[in-house]
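*Asks:* Below are the structure tokens for one structure; questions will follow.
The values are calculated or read from the model by the stated rules, or taken from the named source; none is laboratory data. Here the structure is a predicted model, which is why all the values come from computation and not from measurement. Here the Cβ is made from the backbone with ideal geometry for all residues, glycine too, and neighbour counts use every protein chain on show.
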Amino acid sequence: MSLDEQLKKIAEGDGAAFDAVYEATKGTVYYIALSIVKERALAEDVMQTCFLKVYRYASRYRAGTNAAAWIAKIAKNEALDLRRRRKREHSVDAADSEYLFPTYEIDGGGSLTDLARKILKDGEFAVVMLVAEGYKRREIAKMLSLPVPTVTWRYNQAIKKLKQAIKE
């Protein structure tokens, strides 16, 4: 069943449809949030708020307009709002929630996600994580409101940086 159909069912009160939407989009929402707020715990907070809004406003979604992009836009807006609210605060990511989002080890002993977060610009990180989630560049372009060539360029730049960092 498509995300469009699932959102319609959520609007009708179907909890199982919400579970399906969450499972299909949780990685996307998390990585968009993480690329903006830079901390795992804050990204999880954004996820929670985003999915509450998806549940609450599913009836406002216009079918056929790309449900994944609609959810991604909610996540992006929530992350930007959180970042604005916390602008004057300084906190440290203690990687408390590593068990929720498994990482893949690289030779240096750290995770590839952590390395990407450290060396990539926000836009590059978001694109790489969405590609890793299985989205096509055209879909990513729509989610992030970017032209497809920009998504391709950011992806290629990010891969170059990651390869170079792993070699070092």
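*Asks:* Tell me whether the range 49-67 contains one or more residues that are under 23 Å from Thr113 (Cα atoms), part of a helix (DSSP H, G or I) and aliphatic (A, V, I, L, M).
*Replies:* There is no residue in the range 49-67 that is under 23 Å from Thr113 (Cα atoms), part of a helix (DSSP H, G or I) and aliphatic (A, V, I, L, M).
*Asks:* Being within 17 Å of the chain's Cα centre (by Cα) and assigned to a helix (DSSP H, G or I) is the filter here; which residues of the range 143-159 pass it?
*Replies:* Residues of the range 143-159 that are within 17 Å of the chain's Cα centre (by Cα), as a first pass: 143-146, 151, 154-155, 158.
If the condition is that a residue be within 17 Å of the chain's Cα centre (by Cα) and assigned to a helix (DSSP H, G or I), then Met143, Leu144, Val151, Arg154, Tyr155, Ala158 are the ones that fit.
*Asks:* Further question on the same structure: Does Glu39 count as farther than 25 Å from Lys136 by Cβ, surrounded by 15 or more Cβ atoms within 10 Å (Cβ to Cβ) and modelled with pLDDT under 95?
*Replies:* yes
*Asks:* Here is a further query. Mind telling me which of the residues Asp19, Asp4, Asp14 ends up being of a type in the set (D, E, K, R), exposed (fewer than 14 other Cβ atoms within 10 Å of the Cβ) and not assigned by TED's automatic domain parsing to the domain that holds Lys118?
*Replies:* Asp19
*Asks:* Of the numbered conditions (1) assigned to a loop (DSSP other than H, G, I, E, B); (2) among the hydroxyl-bearing types (Ser, Thr, Tyr); (3) touching a helix residue (DSSP H, G or I) at 6+ places or on another chain (Cβ under 6 Å), Tyr30 satisfies every one except a single condition; which is it?
*Replies:* Here Tyr30 meets the rest and fails (1).
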